[in-house]
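K.L.:
First, the structure itself, so that you have it in front of you.
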Ligand SMILES: Cc1ncc(C[n+]2csc(CCOP(=O)(O)OP(=O)(O)O)c2C)c(N)n1
């Protein structure tokens, strides 16, 4: 097993969920200490089929169904990681992470610190998150701010199939615990040519999705395509929007954000999480702290609302930001 | 020292051990049964009154109708995704029918039938599975909570509600449902322990329907008798044939009576089967074969009781047909009522977050109204 970065030659058109499946297969193939487990990940291949076919290929030792208990899925993974394995746990939906929060807050992020690096915890916890697909109660939550607030854990949220594969392999190879949140809306909605074989996309490096010199839109995950749509609408009005896909929240690539804001002087931050205390506030605070001199307008947030995510099909879409709301925020900062 | 074999899951006492139930007998491995799968009753004197038998039959028919019509309505876009419960009617009716409307019911998404049995109106239930907020307004005369989606988390709530009733000096009890999968969660175990330690009048119904989505019970746990888990918490555990509504009812009624009399909680494992898919949108062929399900259709709880009632003359072919007609009419009337419920307004997503909306919510409401005004 080598960590060399051989430039991939061939590529295949894949959805995001297929790219994730490919990354998991490559990780299991390359490193026999890698294990994949969770509720329904084995026989069924996951409720979204992210682990489809992996149990058949790697066996029931390496890819297995656990009892239904998130605290123990995370807790057991912590023990496996301590003992030298590379556990990849799936929490069926990010909104069902909560039974495991004690393990996450009390232990997951602390082992390196409390053993003075004697132990590291190379664990990845994958979970689908976010709305836009009319799921029942609690299936559409975006708890990334809660996770990002835990010291010692990283948080990754891809928005394209190519990124999903490369970031997931980077997360699996990372020596520290990583949350890998996958926007349910994106699982099958976008396809692209994804390099075959092993490659990584480094954690902590944002991606500039569209370039522009008037407004910076900072976002991630399911809100990237929404923001790009808004940017296209703005371009029709002669406004140049630079959309930045953060890709990782922890560590955050502040440099890319600040460079962009220095150029544009305006920032809009877009997430689908509730507004109060969200990660958008963290991004906004950083821009205010480090780029106040370049700002020509207040930083605006476009977010979900301070209510539980509504499972009411008829009005669910009111909650989740759409391109119209983002475009309006862009116009507002332009007209300030 | 207790010999290991004494606490293993393989010892199989006879169902007679149930007669010791009030004195905290260990759960038996053979599920308690009053009606054999062919509808015969080896011990007719042990059966509940004919009126009760007929009423249990009526409830099972009524919720089966809901389940069957639900599939059709789903396929024609008139109902959202819902988890069917076909085959589990004996388990849901037999347990919920032992309560009164003064008691608490904490149902999971699977327990539409139990909630209907206790009196949740069909129209509201349809509204719930249409993802309408009208399905979340529970009737004032019932203490039924909206179906719980996060698994096991309502178990400690039921203990709290039971304890509150006890402290208030009522005889009311709380009943909470869970699946075999859900009984792996920590909340399940903590709730059983709390209820035992605090002597809460709580009845825990563990519907062992063989599957947690794609995971069979044997992958879920090495235990084969989930009722025995009660032993670890010092409370009675009873294993009952969940497809035998008479047995399920009798065991539950006894547990409810014990709880009302101040004798504390009971865990009841109803051994049953999920005949259909996990939800109407699930594809069970990915994880189970016909061989896995074979035999369960023959254990159908409704057919079993029907054969018995016909043989006893408690039901006739004619009265059965009249019952089905009445049930179908009731359902269609409720469906019509549900059709009159208006779709929610956009700003409703911000309703009911706090008793008084915060300044942020007031501002966000104005924002939504501006939003949809365009
Ligand atoms: C805390 C939590 N984790 C995961 C899920 C996703 N999930 C929904 S149903 C289910 C299986 C439940 O099985 P069981 O408890 O046996 O009940 P059944 O569906 O068979 O009635 C799972 C894993 C959830 N709803 N809540």
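Since every read-out is calculated from the coordinates, none of them should be taken as a lab result. These numbers were taken from a predicted model, which means no experiment stands behind them. Quick reminder, even Gly has a Cβ in these numbers, built from the backbone with ideal geometry, and neighbours come from all protein chains shown.
K.L.:
Neighbour counts of other C-beta atoms within 10 Å: give me B:317, B:165, B:330, B:89 arranged from fewest to most.
P.N.:
B:317, B:330, B:165, B:89
K.L.:
For the range A:42-93, just the Cα atoms, rotate onto the principal axes and tell me the three extents in Å, largest first.
P.N.:
28, 23, 15
K.L.:
How many nm separate the modelled label positions at residue B:168 and residue B:221, each set 7 Å beyond the Cα in the direction of the Cβ?
P.N.:
3.1
K.L.:
Please compute the average number of Cβ atoms from other chains found within 10 Å of each residue's Cβ in peptide A:299-307.
P.N.:
4
K.L.:
In the Gaussian network model of chain A, springs joining C-alpha atoms below 10 Å, which of A:231, A:83, A:148 carries the largest mean-square fluctuation?
P.N.:
Highest fluctuation among the options: A:83.
K.L.:
Determine the gain in length on full extension of the stretch residue A:196-residue A:235; use 0.36 nm per residue of separation and subtract their C-alpha separation, reporting nm with one decimal.
P.N.:
Additional length available on full extension: 10.6 nm.
K.L.:
Here is a further query. Say each of residue B:51 and residue B:354 gets a label point 7 Å from the Cα, pointing the same way as Cα to Cβ; how far apart are those two points in nm?
P.N.:
5.2
K.L.:
For the range A:229-274 and the range B:252-282, what is the separation of their Cα centres, given in Å?
P.N.:
Using only Cα atoms to place each centre, the spacing works out to 53 Å.
K.L.:
Let me ask something else. Using a Förster distance of 35 angstrom, determine the FRET efficiency expected from the C-beta separation of residue B:36 and residue B:199, and round it to 0.05.
P.N.:
0.45
K.L.:
Pull out the extension gain between residue B:137 and residue B:263, defined as 0.36 nm times the separation in residues minus the alpha carbon to alpha carbon distance; nm, one decimal.
P.N.:
Result: 42.0 nm gained on full extension.
K.L.:
Cα extents of chain A along the three principal axes, largest first, in whole Å?
P.N.:
Largest first, chain A extends 59, 45, 44 Å along its Cα principal axes.
K.L.:
Calculate, for residue A:105 and residue B:190, the FRET efficiency according to 1/(1 + (r/R0)^6) with r their C-beta to C-beta distance and R0 22 Å; round to the nearest 0.05.
P.N.:
Between residue A:105 and residue B:190 the formula returns 0.80.
K.L.:
Specify whether the C-alpha gyration tensor of the range B:180-334 places it in the rounded, prolate or oblate class, a ≥ b ≥ c being the square roots of the eigenvalues: rounded for a/c under 1.5, otherwise prolate if a/b is larger than b/c and oblate if not.
P.N.:
Taking the square roots of the gyration eigenvalues as a ≥ b ≥ c, the range B:180-334 is oblate.
K.L.:
Using Cβ counts within 10 Å as a stand-in for footprinting exposure, how do A:211, A:90, A:173 rank, fewest first?
P.N.:
On the way: A:211 12, A:90 26, A:173 19.
The fewest-first ordering by Cβ neighbours comes to A:211, A:173, A:90.
K.L.:
Most mobile of A:21, A:259, A:322 per a Gaussian network model of chain A (Cα springs, under 10 Å)?
P.N.:
Checking each option, the largest mean-square fluctuation is seen for A:259.
K.L.:
With a 10 Å cut-off between alpha carbons and a GNM built on chain B, which of B:62, B:304, B:286 moves the most?
P.N.:
Judging by the Gaussian network model, the answer is B:286.
K.L.:
Thinking of the range B:60-165 as a set of Cα atoms, what percent of all their pairs are more than 20 Å apart?
P.N.:
Values: 2044 of 5565 pairs.
Beyond 20 Å sits 37 percent of the P(r) for the range B:60-165.
K.L.:
Then there is this: With contacts defined as alpha carbon pairs under 8 Å and 6 or more residues apart, what's the relative contact order of the range B:70-180 in percent? The partial results should precede the final answer.
P.N.:
Working: 152 pairs, mean separation 32.4, N = 111.
That works out to 29 percent.
K.L.:
Which percent of the Cα-Cα distances in chain B go past 39 Å?
P.N.:
Working: 11978 of 69751 pairs.
Above the 39 Å cut-off, chain B has 17 percent of its Cα pairs.
K.L.:
Expressed as a rounded percentage, what relative contact order does the range B:215-368 have, with Cα pairs under 8 Å and six or more residues apart?
P.N.:
Computed value for the range B:215-368: 15 percent relative contact order.
K.L.:
What is the gain in length, in nm to one decimal, between residue B:285 and residue B:231 on full extension, counting 0.36 nm per residue of separation less the C-alpha to C-alpha distance?
P.N.:
On the way: separation 54, 0.36 × 54 = 19.44 nm, distance 3.63 nm.
Value of the extension gain: 15.8 nm.
K.L.:
Still on this model: Size of the protein assembly as shown along its principal axes in angstrom, Cα-based, largest extent first?
P.N.:
Principal extents (largest minus smallest coordinate, Cα): 87, 60, 50 Å.
K.L.:
Divide, for the range A:114-167, the radius of gyration over alpha carbons by 2.2 N^0.38 Å, where N is the residue count.
P.N.:
With N residues counted in the range A:114-167, Rg over 2.2 N^0.38 Å equals 1.45.
K.L.:
With contacts defined as alpha carbon pairs under 8 Å and 6 or more residues apart, what's the relative contact order of chain A in percent?
P.N.:
Once divided by the residue count of chain A, the mean separation gives 16 percent.
K.L.:
Taking neighbour counts of Cβ atoms within 10 Å as a proxy for exposure, in what order, fewest first, do A:284, B:91 appear? Spell out each step's value before the answer.
P.N.:
Working: A:284 19, B:91 35.
Arranged by neighbour count, lowest to highest, A:284, B:91 become A:284, B:91.
K.L.:
Continuing with the same structure: If you take every DSSP beta bridge fully contained in the protein assembly as shown, what fraction is antiparallel? Give it as a percent rounded to 5.
P.N.:
Values: 12 of 67 bridges.
Roughly 20 percent of the DSSP beta bridges within the protein assembly as shown come out antiparallel.
K.L.:
7 Å from Cα along Cα→Cβ at both residue B:363 and residue B:303: what's the point-to-point distance in nm?
P.N.:
So the label points at residue B:363 and residue B:303 sit 6.4 nm apart.
K.L.:
Give me the Kirkwood hydrodynamic radius of the range A:23-141 in Å, from all C-alpha pairs, to one decimal place?
P.N.:
It is 14.8 Å.
K.L.:
May I pose another question? For an R0 of 25 angstrom, estimate the FRET efficiency from the Cβ-Cβ distance between residue A:317 and residue B:336 and round to the nearest 0.05. Could you put the intermediate results ahead of the total?
P.N.:
Working: r = 28 Å, r/R0 = 1.12.
Result of the calculation: an efficiency of 0.35.
K.L.:
Could you tell me what percent of the DSSP beta bridges with both partners in chain A are antiparallel, to the nearest 5?
P.N.:
Antiparallel: roughly 25 percent of the beta bridges in chain A.
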